[in-house]
Amino acid sequence: MEKGVVISGFGGQGVMLAGELLAEAGKEEGKYVTFLPSYGPEMRGGTANCHVIVSDTTIASPIIGYPKAAIVLNLPSLDKYEPLMKKDGIIIINKTLVPREVKRDDVRVLQIDAQHVAEDLGNKKVVNMILLGAYVEIEKPVKIETLKNALKSYLTGRKAELIEVNERALEKGAEIARDFMGVK
């Protein structure tokens, strides 16, 4: 099993945190992982993306040239990665910030109004966790429980109070993905 995902959005949307959590969860499960971050010139508001690969075997390259899966948090990210997607891949989109439909008909698309879901959960900053939870439920690179456990490594000190809402966001994303896949 080798699962790779590109996570992309604006700086400040939690792109790197989502990627780091996925990589940490993979390590906790004893898998091989790579995490390759890329930032635009600005930290907040500029572009940010990361490539994460989780595998049962050694990983040849940390770069994902043609993604089988993408988590897209904004329109520029969809514009960049949609043409590069492999046939039958999955694009998980924050439709709150992506006002257009995917043009390709050979990929699966899960659009989540993640900003509104996050607001319903009580914290508008958990959009990244909602989309990550959906990805993990669909592609199964790691277990959701391991991902939730990895939160404790990254949300420490004053941020520890955010663990619970982030766990709920991961669960909500997984629930949305199960509905998307028709799983009860």
If you go through segment 104-133, how many residues are touching an Asp or Glu at 6+ places or on another chain (Cβ under 9 Å) and at pLDDT 95 or above? 7
Condition broken by residue 53, with the remaining ones in (1) closer than 29 Å to residue 119 by Cα; (2) crowded, with 23+ Cβ neighbours inside 10 Å satisfied: (1)
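Can you go through 19, 4, 30, 12 and tell me which one is touching a Gly at 6+ places or on another chain (Cβ under 7 Å) and either crowded, with 19+ Cβ neighbours inside 10 Å or not in a helix (DSSP H, G or I) (or both)? Quick ask: steps written out before the conclusion?
On the way: 19 fails: touching a Gly at 6+ places or on another chain (Cβ under 7 Å); 4 fails: touching a Gly at 6+ places or on another chain (Cβ under 7 Å); 30 fails: touching a Gly at 6+ places or on another chain (Cβ under 7 Å).
Selected residue: 12, the only one of 19, 4, 30, 12 that is touching a Gly at 6+ places or on another chain (Cβ under 7 Å) and either crowded, with 19+ Cβ neighbours inside 10 Å or not in a helix (DSSP H, G or I) (or both).
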Applying the selection to segment 70-108, what residues are assigned to a strand (DSSP E or B) and surrounded by fewer than 19 Cβ atoms within 10 Å (Cβ to Cβ)? 108
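In segment 109-127, what residues are assigned to a loop (DSSP other than H, G, I, E, B) and either touching a helix residue (DSSP H, G or I) at 6+ places or on another chain (Cβ under 9 Å) or farther than 26 Å from residue 159 by Cα (or both)?
Initial filter on segment 109-127 (assigned to a loop (DSSP other than H, G, I, E, B)): 113, 122-123.
Answer for segment 109-127, where residues must be assigned to a loop (DSSP other than H, G, I, E, B) and either touching a helix residue (DSSP H, G or I) at 6+ places or on another chain (Cβ under 9 Å) or farther than 26 Å from residue 159 by Cα (or both): 122, 123.
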First in segment 92-110 and closer than 18 Å to residue 66 by Cα, second anywhere and surrounded by fewer than 19 Cβ atoms within 10 Å (Cβ to Cβ) and aromatic (Phe, Trp, Tyr), Cβ under 9 Å, 6 or more apart: 108/180
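The values are calculated or read from the model by the stated rules, or taken from the named source; none is laboratory data. Just so you know, these numbers come straight off a predicted model, no measurement behind them. Please note: Cβ atoms are built from the backbone with ideal geometry, for glycine as well, and neighbour counts cover all protein chains shown.
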